[in-house]
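Chemist: Input: one structure, supplied below.
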Amino acid sequence: FLPHLVASMEQVDETYIMVKPDGVQRGLVGEIISRFEKKGFKLTGLKLFQCPKELAEEHYKDLKAKPFFPGLIDYITSGPVVCMAWEGVGVVASARKLIGSTDPLKAEPGTIRGDLAVQTGRNVVHGSDSPENGKREIGLWFEEGELCQWTPAQAPWLRE
Ligand code: UDP
Ligand code: MG
């Protein structure tokens with residue numbers, strides 16, 4: 001049994017996290033970034049961005065048939081968002097847990113939505129729902145040169 005080999009085989013995933021316009025307007029950017037930072041994930045991309053309608057529609061294309069789709073596109077394009085790429089072992093599922101249920105009233109206290117939001121249509125943050133969508137969404141929202149590969153000084157203190 002070679003634990004260092006097992007650890008190195010762990011899959012490093014990436015996820016797209018976004019502070020939605022209500023989170024920016026409410027001054028929650030630092031608070032939301034801080035949740036992922038404190039958990040120990042690695043930030044590889046970050047920008048404040050006014051999302052064009054076409055990009056919002058592409059990002060949420062799976063929801064096109066839903067009755068709330070037009071309102072969702074209006075909401076996401078209503079002001080600047082903060083786009084983030086985060087990397088780490090299990091980051092996609094873990095970020096979804098940190099974010100909490102889509103409906104903030106059902107989200108557990110301690111989660112971002114559970115602590116900071118009340119309505120599904122104003123739920124302050126987005127997180128990719130699978131590693132495949134993590135890659136897809138980072139590719140949609142970021143140009144190649146906007147992402148940074150780096151090794152945080154804390155890395156050896158986070159994982160054995
Ligand atoms: N949404 C909405 N009404 C609904 C369901 C979803 O306005 O009944 C919005 C909400 O902002 C949500 C987003 O659409 O975060 C995407 O929906 P999804 O089911 O993918 O939820 P998420 O992955 O964000 O938890
Ligand atoms: Mg989703």
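The values are calculated or read from the model by the stated rules, or taken from the named source; none is laboratory data. Because the structure is a prediction, the values reported are computed rather than measured. Virtual Cβ from ideal backbone geometry, glycine too; neighbours counted across all protein chains shown. Only protein heavy atoms, including side chains, enter the accessible area calculation; ligands, DNA and RNA are left aside. Shrake-Rupley method; radii C 1.70, N 1.55, O 1.52, S 1.80 Å.
Chemist: Return a whole-number percent for the relative contact order of the chain, with Cα pairs under 8 Å and 6 or more residues apart as the contact set.
Modeler: Working: 245 pairs, mean separation 54.6, N = 160.
Contact order relative to length: 34 percent.
Chemist: Out of the total accessible area of the chain (probe 1.4 Å, heavy atoms of protein only), what percent is carbon and sulfur?
Modeler: Roughly 56 percent of what the probe reaches on the chain is carbon or sulfur.
Chemist: Taking amide hydrogens as modeled 1.01 Å from N in the peptide plane, which residues meet the under 5 Å criterion relative to Thr77, leaving out close sequence neighbours?
Modeler: When sequence neighbours closer than 5 places are left aside, there are no close amide H contacts.
Chemist: In region 95-153, which GluC sites (Glu not before Pro) are in a loop and have at most 16 other Cβ atoms within 10 Å, using DSSP for the loop call?
Modeler: Working: sites: Glu132, Glu137, Glu143, Glu144, Glu146; in loops: Glu143.
When the GluC sites (Glu not before Pro) of region 95-153 are filtered for loop state and at most 16 Cβ neighbours within 10 Å, Glu143 remain.
Chemist: Binning at 5 angstrom from zero up to the longest distance, how are the C-alpha pair distances of region 9-160 distributed in percent?
Modeler: Taking all Cα pairs of region 9-160, the binned fractions are 2, 9, 19, 23, 23, 14, 6, 3, 1, 0 percent.
Chemist: Could you give me the ³J(HN,Hα) list for region 105-117, computed from phi with Karplus coefficients 6.51, -1.76, 1.60 and θ = phi - 60°, whole Hz, x at Gly and Pro?
Modeler: 6, 9, 5, 5, x, x, 8, 4, 5, x, 8, 10, 9
Chemist: Set the bar at 18 Å for Cα to Cα. Now go through Lys61/Lys106; Lys20/Lys53; Lys42/Lys135; Lys39/Lys97; Lys39/Lys106 and name every pair that lies beyond it.
Modeler: From the list (Lys61/Lys106; Lys20/Lys53; Lys42/Lys135; Lys39/Lys97; Lys39/Lys106), the Cα-Cα distance tops 18 Å for Lys61/Lys106; Lys39/Lys106.
Chemist: While we're here: Relative to the compact globular guide of 2.2 N^0.38 Å, what is the alpha carbon radius of gyration of region 1-92, as a ratio?
Modeler: Normalised by 2.2 N^0.38 Å, the Cα Rg of region 1-92 equals 1.35.
Chemist: 7 Å from Cα along Cα→Cβ at both Thr102 and Glu54: what's the point-to-point distance in nm?
Modeler: Rounded to a tenth, the inter-label distance reads 2.7 nm.
Chemist: Moving to a separate point now. Can you give the extra length, in nm with one decimal, that the chain gains between Thr151 and Glu132 once fully stretched, where that is 0.36 nm per residue apart less the Cα-Cα distance?
Modeler: 4.5 nm
Chemist: Could you give log10 I(q)/I(0) at q = 0.24, 0.26, 0.30, 0.31 Å⁻¹ for region 111-160, computed by the Debye formula over C-alpha point scatterers of equal weight, without solvent?
Modeler: Reported log10 I(q)/I(0), two decimals: -0.94, -0.93, -0.99, -1.01.
Chemist: Whole number in Å², please: accessible area per residue of region 25-64, 1.4 Å probe, ligands, DNA and RNA not counted.
Modeler: Here the residues of region 25-64 average 61 Å² of exposed surface.
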